[in-house]
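K.L.:
Below is a structure I'd like to ask you about.
The values are calculated or read from the model by the stated rules, or taken from the named source; none is laboratory data. Remember, predicted model here, so these are calculated numbers, not experimental data. Here the Cβ is made from the backbone with ideal geometry for all residues, glycine too, and neighbour counts use every protein chain on show. The area values use the complete protein model at the heavy-atom level, side chains included, leaving out ligands, DNA and RNA. Shrake-Rupley method; radii C 1.70, N 1.55, O 1.52, S 1.80 Å.
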Amino acid sequence: MEYKSENKICKNCKCDFIIEPDDFSFYEKIKVPPPTFCPECRYIRRLLDRNEYNFYKRKCDATGESIISIYRENVSFPVYKQEYWKSDKFDAVKYGRDFDFNKSFFEQYEELRDIVPHLAMVNASSVNSEYTNQSQNNKDCYMLVTSGSNEKCMYGSWCQWGCYFLSDCYLAEKSEYCYECINIKKCSHCLWSSDCSDCVNVYFSNDCKGCTDCFGCVGLRNKQYFYFNKNIGKDEYEKKVKNFEWDRDFIKKSQEEAFKLRLSMPIKFYHGVQVQQSNGDYIENTQRMKLGFNCHKNKDTAYMQDAWDSEDCRDCTEIITGQLAYEAQGVEAPHRSMIIRSCFGTITDSYYCDMCFGVENCFGCFGLKKKSYCILNKQYSKSDYFSLKEKIIKHMIDIEEWGEYFPANFSPFAYNESMAQDYFPLNKEEAKRKGYKWYDRPERDYKIFIPAEKIPKTFSEIKENILEEAIQCSSQKLNDYKDEYPLCTTAFKITSLELSLYKILNLPIPEKCFACRRTDRFMLRNPRNLWHRKCMKEGCNNEFETSYAPDRPEIVYCENCYNKEVY
């Protein structure tokens, strides 16, 4: 069948969006109607189900032990600690129920989800890493999320494949002794740098590859002893670095000067390599991918975020090795499955499932482990399963539920607890106006020992008892800080692990709490949106889709012009 592009009006935001012919072909393949939400609203709806780093102390409802969880104490459903939930002591099949054709599917599913115990958090095969989530194979890590196979890493996300002693980094691979970096690979002793690879002792730099001993540089390749893109030689460079006073004023000034230099240099319209017929940002080894962000090894996919090794998928967030998956969030290996969230292991031929491990041919299930032919957690024979499944699908089609993701009001998290707040920040009034839940954090009775204005400015000023003292977050001094930093914890403490890293790097302790530092770091990234623009190189007529909005100050080049300028 030959399809044509169609304009639609988003049921949620009321804005226009387009469904392309290849989208229609995909929806026909998986037998679902076209979406009623635009791509951005679909993405927000998935993000509402994802709380990565807001942790709470509470009790396990199975053992009574004190645990760390992504769920607050006052949620309506039970929460079990990881070891108990995964053990043979817990089997969610006992909560199975019959399907009632007099009710909507979502109503029945929410009733089931509200009584089945939830997994407190996921930090599989990790050692001394209690405060990590959606992570695995980590050792001695703290406040680390969506990360794997690291040691002594803190306050970061998407740190992968053997990172060692990092703090406050986003998108890091095989790097060590780095601080406040974004999108780095195989880097060592790098600070406040972004989009760098194979670099050592590089500070306040952007888009540098194979560089050593560089400060405030942009777009360099295989250089050494460069200071703000000028080769000053070994002796002068080492003299400068030796005399640096790494206090907060110096750090702020260096950041500002480096940003000015960056604005004077051309940049490529996207971050990534080996991209064929694809658009998005932070993409690698992709073929025919549309609107992908932080995606590696994608082929024939669209509307994807943080998705690796996936093929023939649409609208998936945080997935690995997906095939023919649709509207999936936080799923390890979805195959021929749709509307699934927070599932692990291979999930095959399953629909509307949540927090399931290694299931196949399951429909509307929550918390199952290695089960097949279940509906609303009730076990059926193979023939009865398929017969009932088709009846339920027809029922959902009749009431316009089939193909729709879980409604936003069924999310277990408030808007400001979810990842939606990171990518599409709202204040409380805006969130409420849009119909989202909001969590008002209780006032904490902190006895602040170090007010913001008294925070040591250098490492040498730090006193021996710093680990025992509560420090006021400097965001508290900003006007209307609650809009910009809605998750501010008002005060924070330094851990011995991070203090040892500051000592190695000779850095002052931070002046903001972890949540505010994360907010600042996220503000440095481009939005997950694309704009149509032309190359700014004089004489070039190339056009492209880019995450750099037209009103931004950067000089944006097409890939060909950028490569000629840099290499």
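K.L.:
Which one is nearest to Ala515 (Cα to Cα) among residues in region 199-229 that are in a strand (DSSP E or B), among the polar types (S, T, N, Q) and open to solvent by 20 Å² or more (accessible area, probe 1.4 Å)?
P.N.:
First, pick out the residues of region 199-229 that are in a strand (DSSP E or B): 200-203, 206, 209, 212-215, 218, 221, 224-227.
In the following step, the residues that additionally are among the polar types (S, T, N, Q) were identified as 201, 206, 212, 224.
Pick out the ones that are also open to solvent by 20 Å² or more (accessible area, probe 1.4 Å) and you get 201, 212, 224.
Details: Asn201: 27, Thr212: 31, Gln224: 35 Å.
Ranking the qualifying residues of region 199-229, first place goes to Asn201.
K.L.:
Further question: Which residue is least open to solvent (accessible area, probe 1.4 Å), if the candidates are limited to region 230-250 and must be assigned to a helix (DSSP H, G or I) and touching an Asp or Glu at 6+ places or on another chain (Cβ under 9 Å)? Steps first, please.
P.N.:
Keep residues of region 230-250 that are assigned to a helix (DSSP H, G or I), which gives 233-243, 248-250.
Next, only the ones that are touching an Asp or Glu at 6+ places or on another chain (Cβ under 9 Å) stay: 234, 237-238, 241, 248.
On the way: Lys234: 104, Tyr237: 6, Glu238: 88, Val241: 41, Arg248: 43 Å².
So the residue we want is Tyr237.
K.L.:
Let me confirm something: among Pro456, Pro425, which residue is in a loop (DSSP other than H, G, I, E, B) and surrounded by fewer than 18 Cβ atoms within 10 Å (Cβ to Cβ)?
P.N.:
Numbers: Pro425 fails: surrounded by fewer than 18 Cβ atoms within 10 Å (Cβ to Cβ).
That would be Pro456, the only listed residue that is in a loop (DSSP other than H, G, I, E, B) and surrounded by fewer than 18 Cβ atoms within 10 Å (Cβ to Cβ).
K.L.:
Next up: For region 332-342, does any single residue satisfy the condition of being open to solvent by 40 Å² or more (accessible area, probe 1.4 Å) and within 20 Å of the chain's Cα centre (by Cα)? Can you show your working first?
P.N.:
Initial filter on region 332-342 (open to solvent by 40 Å² or more (accessible area, probe 1.4 Å)): 332, 335-336.
When the remaining residues are screened for being within 20 Å of the chain's Cα centre (by Cα), the result is 332.
Looking through region 332-342, at least one residue is open to solvent by 40 Å² or more (accessible area, probe 1.4 Å) and within 20 Å of the chain's Cα centre (by Cα).
K.L.:
Considering only region 92-119, state which residues are among the acidic types (Asp, Glu) and touching a helix residue (DSSP H, G or I) at 6+ places or on another chain (Cβ under 9 Å). Even if it seems obvious, please write down each step before you answer.
P.N.:
Taking region 92-119 first, the residues among the acidic types (Asp, Glu) are 98, 100, 107, 110-111, 114.
Those that are among the acidic types (Asp, Glu) and touching a helix residue (DSSP H, G or I) at 6+ places or on another chain (Cβ under 9 Å): Asp100, Glu110.
K.L.:
Can you say whether Cys353 is within 30 Å of Cys38 (Cα to Cα) and either touching a residue at least 40 places away in the same chain (Cβ under 8 Å) or surrounded by 24 or more Cβ atoms within 10 Å (Cβ to Cβ) (or both), as far as the supplied structure shows? Working first, answer last.
P.N.:
Values: within 30 Å of Cys38 (Cα to Cα): yes; either touching a residue at least 40 places away in the same chain (Cβ under 8 Å) or surrounded by 24 or more Cβ atoms within 10 Å (Cβ to Cβ) (or both): yes.
Here the answer is yes, as Cys353 does meet what is asked.
K.L.:
Consider Cys38 against the criteria (1) surrounded by fewer than 22 Cβ atoms within 10 Å (Cβ to Cβ); (2) in contact with a Cys (Cβ under 8 Å, 6 or more places away or on another chain); (3) not hydroxyl-bearing (Ser, Thr, Tyr): it satisfies all of them except one. Which criterion is unmet?
P.N.:
For Cys38, the exception is condition (1).
K.L.:
So which residues in region 43-86 are crowded, with 18+ Cβ neighbours inside 10 Å and free of Cβ contacts under 8 Å to residues at least 12 places away in the same chain?
P.N.:
none
K.L.:
Of everything in region 117-134 that's in a strand (DSSP E or B) and modelled with pLDDT under 95, which residue is nearest to Leu497 (Cα to Cα)?
P.N.:
Only one residue fits best here, namely Asn123.
K.L.:
Also, I was wondering about something else. Considering only region 139-155, state which residues are free of Cβ contacts under 8 Å to residues at least 60 places away in the same chain, crowded, with 23+ Cβ neighbours inside 10 Å and over 16 Å from Val122 (Cα atoms).
P.N.:
Initially, region 139-155 is screened for residues free of Cβ contacts under 8 Å to residues at least 60 places away in the same chain, giving 139, 141, 144, 147-151, 153.
So of that shortlist, the ones also crowded, with 23+ Cβ neighbours inside 10 Å come out as 141, 144, 147, 150, 153.
The one that is free of Cβ contacts under 8 Å to residues at least 60 places away in the same chain, crowded, with 23+ Cβ neighbours inside 10 Å and over 16 Å from Val122 (Cα atoms): Cys153.
K.L.:
Considering only residues that are within 21 Å of Lys564 (Cα to Cα) and either open to solvent by less than 50 Å² (accessible area, probe 1.4 Å) or assigned to a loop (DSSP other than H, G, I, E, B) (or both), which ones fall in region 492-550?
P.N.:
If we filter region 492-550 for residues that are within 21 Å of Lys564 (Cα to Cα), which is where we start, we get 533-546, 548.
Result: Arg533, Cys535, Met536, Lys537, Glu538, Gly539, Cys540, Asn541, Asn542, Phe544, Thr546, Tyr548.
K.L.:
Being closer than 16 Å to Val566 by Cβ and either in a strand (DSSP E or B) or open to solvent by 10 Å² or more (accessible area, probe 1.4 Å) (or both) narrows it down to one residue among Cys196, Cys178; which is it? Steps first, answer last, please.
P.N.:
Details: Cys178 fails: closer than 16 Å to Val566 by Cβ.
When all the criteria are applied, what remains is Cys196.
K.L.:
Can you name every residue in region 321-345 that is closer than 21 Å to Glu40 by Cα and among the aliphatic types (A, V, I, L, M)?
P.N.:
Leu324, Ala325, Ala328, Val331, Met338, Ile339, Ile340
K.L.:
Test Glu565 against the criterion of being closer than 21 Å to Ile182 by Cα, in contact with a Pro (Cβ under 9 Å, 6 or more places away or on another chain), in contact (Cβ under 8 Å) with a residue 24 or more places away in the chain and not β-branched (Val, Ile, Thr), and give yes or no. Step through it out loud before you land on a result.
P.N.:
Numbers: closer than 21 Å to Ile182 by Cα: no; in contact with a Pro (Cβ under 9 Å, 6 or more places away or on another chain): yes; in contact (Cβ under 8 Å) with a residue 24 or more places away in the chain: yes; not β-branched (Val, Ile, Thr): yes.
No; evaluated as a whole, the condition is false for this residue.
K.L.:
Counting just the residues of region 514-567 that are of a type in the set (A, V, I, L, M) and modelled with pLDDT of 95 or more, which one comes out farthest from Gln476 (Cα to Cα)?
P.N.:
Quick first cut of region 514-567, residues of a type in the set (A, V, I, L, M) only: 515, 523-524, 530, 536, 549, 555-556, 566.
Now narrow it down to the ones that are modelled with pLDDT of 95 or more: 530, 536, 549, 555-556.
Working: Leu530: 34, Met536: 41, Ala549: 31, Ile555: 35, Val556: 36 Å.
This residue is Met536.
K.L.:
Across region 429-453, what is the number of residues that are touching a Lys or Arg at 6+ places or on another chain (Cβ under 9 Å), open to solvent by 70 Å² or more (accessible area, probe 1.4 Å) and touching a residue at least 40 places away in the same chain (Cβ under 8 Å)?
P.N.:
Result for region 429-453: 0.
K.L.:
Here's another thing I want to ask about it. Kindly indicate whether Gln108 is surrounded by 15 or more Cβ atoms within 10 Å (Cβ to Cβ) and touching a Leu at 6+ places or on another chain (Cβ under 7 Å).
P.N.:
yes
K.L.:
Among residues belonging to region 551-564 that are assigned to a loop (DSSP other than H, G, I, E, B) and not acidic (Asp, Glu), point out the one that is surrounded by the fewest Cβ atoms within 10 Å (Cβ to Cβ). Even if it seems obvious, please write down each step before you answer.
P.N.:
Narrowing region 551-564 to residues assigned to a loop (DSSP other than H, G, I, E, B): 551-554, 558.
Going one step further and asking which of them are not acidic (Asp, Glu), we end up with 552-553, 558.
Values: Arg552: 14, Pro553: 9, Cys558: 22.
Looking at residues that are assigned to a loop (DSSP other than H, G, I, E, B) and not acidic (Asp, Glu), I get Pro553.
K.L.:
Residues to consider are Tyr84, Tyr95, Tyr3, Tyr53; find the one that is of a type in the set (Ser, Thr, Tyr) and within 21 Å of Ser418 (Cα to Cα). Reasoning before the result, please.
P.N.:
Working: Tyr84 fails: within 21 Å of Ser418 (Cα to Cα); Tyr95 fails: within 21 Å of Ser418 (Cα to Cα); Tyr3 fails: within 21 Å of Ser418 (Cα to Cα).
From the options Tyr84, Tyr95, Tyr3, Tyr53, the qualifying one is Tyr53.
K.L.:
Restricting attention to region 121-179, and to residues there that are touching an Asp or Glu at 6+ places or on another chain (Cβ under 9 Å) and among the β-branched types (Val, Ile, Thr), which single residue is nearest to Arg58 (Cα to Cα)?
P.N.:
My answer is Val145.
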